[in-house]
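Student: Dropping the structure in here first, questions after.
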Amino acid sequence: MRISTALRLALFGCAAMISTAAISATENPKYSSLYVFGDSLVDAGNIKLVTGGAVPSDSAGYYQGRFSNGYTYADLLSQQLYGAPTKASLAGGNNYAFGGARVVNHGDTVPDIQLQLGAYAAGHGGVADANALYVLNFGGNDIFGLLNPAPGSIGSYTPDDYIAAVVSIYAGQVQALNNMGARNILITGIPNGGIPLAYYVDALLQTALDGLVLDAGTDLMRYSYLDAFARTVGDPASMGLPPLDFATTCQQARASGVVTDCSGYFSFDGTHPTAQVHAAIARDIDRQFGITTSVPEPTTWAMLIMGFGLVGGAMRRRDGRLALSGS
């Protein structure tokens, strides 16, 4: 069967428009901007600025203010979306995370979840950008505080009251972010894989999130760091990772001269994942929620519709000619 010249031209034009659409889509991120709130897992340098560069230390192998040997998963998502990693809020960026931050403020000076979101609200007139993506990564240091036998590690709270406060404050801040107008919220749960208490607190948090009254247009994306950790341990290939050493940290391996990089190690320093694991988490988040999926411009959609219309018209004209000829 031969294709008519008109149909070939229509198909070629449509293909060209689809190609143009793909190029344009990469220039039009799904979200207008990315805001990050959390602790050392996603800190882009705020604590380093506060400590005058002492923590985390470059000499210990930490990378550009991150608590790892490379960019965090939030940085990598930002690179995919906008071509650059996140930038610390104290340096004028959108990353409000501070190493050591908790959900519950127990008396230290590190900004907790309420203070971080409060700083964002103050800088934006109390109104959130509905087209932006908001990442919340808290809870790890609260678990460490609960497990720390030192006096004052959870302030004047009893353990049960502290857990209740973690759950209610965390869920309450998600609600507050929604009430400010945020419509795209990514929450990672309690990021302490392998610690039984983390699973218990995370289950309570998920129940509290279920009870929130969010606006109809709010997309609350719940990523389970605990599930990702279990898959990383049981089947690293499912996370795009090689077999990993969980017993030795990358810092230890470097100090002994075994390796020069961190490939094949889960933890960089005994608490924080290596950049390789962060990359796996970024891929996993993107796979689940399509964070970096591009959105074609309205004009692109119009071009595509017009192109398909041309193809349809050419095919109808051809079918009419075939019917008249009896073919």
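The values are calculated or read from the model by the stated rules, or taken from the named source; none is laboratory data. Quick caveat, the model's predicted, so the values are computed rather than measured. Here the Cβ is made from the backbone with ideal geometry for all residues, glycine too, and neighbour counts use every protein chain on show.
Student: Out of the residues in the range 175-192 that are over 16 Å from the mean Cα position of the chain (by Cα) and surrounded by 20 or more Cβ atoms within 10 Å (Cβ to Cβ), state the one that is nearest to Arg287 (Cα to Cα).
Tutor: Asn192
Student: On to the next question. Which residues, counting only those in the range 63-91, are in contact with a helix residue (DSSP H, G or I) (Cβ under 8 Å, 6 or more places away or on another chain) and under 13 Å from Gln251 (Cβ atoms)?
Tutor: Passing the criteria: Tyr63, Ser68, Asn69.
Student: State whether the residues of the range 208-226 include one that is surrounded by 16 or more Cβ atoms within 10 Å (Cβ to Cβ), at pLDDT 95 or above and over 30 Å from Ala132 (Cα atoms).
Tutor: no
Student: Continuing with this model, one more query. From the list Ala282, Ala255, Ala314, exactly one residue is at pLDDT below 95 and within 28 Å of Asp43 (Cα to Cα). Which is it?
Tutor: Answer to the selection: Ala255.
Student: Look at Ala97 and say whether it is assigned by TED's automatic domain parsing to the domain that holds Gln288, in contact with an Asp or Glu (Cβ under 7 Å, 6 or more places away or on another chain) and either surrounded by 17 or more Cβ atoms within 10 Å (Cβ to Cβ) or among the small types (Gly, Ala, Ser) (or both).
Tutor: So Ala97 passes the test.
Student: If I filter the range 72-93 for residues that are assigned by TED's automatic domain parsing to the domain that holds Thr260, touching a residue at least 12 places away in the same chain (Cβ under 8 Å), among the β-branched types (Val, Ile, Thr) and under 30 Å from Asp161 (Cα atoms), do I get at least one hit?
Tutor: no
Student: Going by what's in this entry, would Phe246 be described as buried (at least 17 other Cβ atoms within 10 Å of the Cβ) and either within 14 Å of Gln276 (Cβ to Cβ) or in the same structural domain as Val166 (by TED's automatic domain parsing) (or both)?
Tutor: No: the conditions fail for Phe246.
Student: Here is a check on your reading of the model: is Arg8 at pLDDT below 95, among the basic types (Lys, Arg), surrounded by fewer than 12 Cβ atoms within 10 Å (Cβ to Cβ) and outside the structural domain of Ala97 (by TED's automatic domain parsing)?
Tutor: No; evaluated as a whole, the condition is false for this residue.
Student: So which residues in the range 163-174 are within 19 Å of the chain's Cα centre (by Cα) and not hydroxyl-bearing (Ser, Thr, Tyr), if there are any at all?
Tutor: Across the range 163-174, the qualifying residues are Ala171, Gln173, Val174.
Student: Which is surrounded by fewer than 18 Cβ atoms within 10 Å (Cβ to Cβ), of a type outside the set (Asp, Glu) and either in contact with a strand residue (DSSP E or B) (Cβ under 9 Å, 6 or more places away or on another chain) or assigned by TED's automatic domain parsing to the domain that holds Asp39 (or both), of Ala171, Ala164?
Tutor: Going through Ala171, Ala164 in turn, just one is surrounded by fewer than 18 Cβ atoms within 10 Å (Cβ to Cβ), of a type outside the set (Asp, Glu) and either in contact with a strand residue (DSSP E or B) (Cβ under 9 Å, 6 or more places away or on another chain) or assigned by TED's automatic domain parsing to the domain that holds Asp39 (or both): Ala164.
Student: Within the range 147-156, work out how many residues are modelled with pLDDT of 95 or more and within 16 Å of Ile169 (Cα to Cα).
Tutor: 1
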